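Since the structure comes first, as structure tokens, the remarks are kept for the end.
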Amino acid sequence: MLRAKLCGMKTVGAARAAEGAGADFIGFIFWRRSHRFVEPEQAARIVEAVPHVKKVGVFVDETPEVVNLIAKQCHLDFVQLHGHEDAAYAEQMEVPVIKAYRYGDGFSAEAANAYPAAMILVDAYQEGTAGGTGTRFDWQRAQREVAAVRKPVLIAGGISEANVGEVNAIFHPFAVDVSGSLEVHREKSAERIAAFMAQIDKINGRN
């Protein structure tokens, strides 16, 4: 069963479209340098409107105190650590952790397995960014190393309706993480969300 995390939610409408289409997780970006950044107060309002989907907050080298505060304020189910947070940092989190690694930036299954996280996310590496670039990494080259991760794995980076079947065939991941391919003019599109989730349903034999 391939699950889907639709990230970068900024509006109630987009979140409802994701939940209605069957998304398993939605993500909120709490990194101010991203154009998908959302204020915690707005995220909390969105969360109230979508009770059935799991909520993930994405943070980049934020202080543990702020992460825990926002997690509580927004009733997050997971926090996704997308920076240089070490194991001691992760152990301070009050909700389960998704640790993001960038393939090509020192990723190793050994490090991922040792990290105190519930899930591991593998994204594309692009120098000077923390992720969310919409570019894909070398999936074929990464397959063997990713397969050695003993925790649920999410694959991110350049995933769309057109290639999610390829991602699933190569990695058989727990979930895929998508954002940019769901957008038109940098805003989430209900139509693109529905089309992507229809492809997930097809992969899972639901239609």
Extreme residue, nearest to the chain's Cα centre (by Cα), among residues of region 71-94 that are open to solvent by less than 20 Å² (accessible area, probe 1.4 Å) and not acidic (Asp, Glu) = GLN80
ask   = Given the structure, is ALA124 buried (at least 17 other Cβ atoms within 10 Å of the Cβ), in contact with a Lys or Arg (Cβ under 7 Å, 6 or more places away or on another chain) and either farther than 30 Å from ALA17 by Cα or aliphatic (A, V, I, L, M) (or both)?
value = yes
inquiry  = When you check VAL50 against the structure, is it hydrophobic (A, V, I, L, M, F, W, C), at pLDDT 95 or above, closer than 25 Å to ALA142 by Cα and in contact with a strand residue (DSSP E or B) (Cβ under 9 Å, 6 or more places away or on another chain), yes or no?
reply    = no
ask   = Within region 154-166, restricting attention to residues that are out of contact with any Gly (no Cβ under 6 Å at 6 or more places or on another chain) and either without any contact (Cβ under 8 Å) to a residue 12 or more places away in the chain or part of a loop (DSSP other than H, G, I, E, B) (or both), which residue is nearest to ALA118 (Cα to Cα)?
value = GLY157
note = Filtering region 167-207 down to residues that are assigned to a strand (DSSP E or B) and more than 16 Å from the chain's Cα centre (by Cα) yields VAL184, GLU187
note = Of the residues in region 134-158 that are crowded, with 18+ Cβ neighbours inside 10 Å and β-branched (Val, Ile, Thr), the one that is farthest from ARG36 (Cα to Cα) is VAL149
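Just to be sure, is ALA100 modelled with pLDDT under 95 and surrounded by 15 or more Cβ atoms within 10 Å (Cβ to Cβ)?
Answer is no for this residue.
The values are calculated or read from the model by the stated rules, or taken from the named source; none is laboratory data. None of the values given here were measured: they were computed from a predicted structure. Neighbour counts run over all protein chains shown; Cβ positions are idealised from the backbone, glycine included. Just the protein is used for accessible areas: all its heavy atoms, side chains included, with ligands, DNA and RNA removed. Shrake-Rupley method; radii C 1.70, N 1.55, O 1.52, S 1.80 Å.
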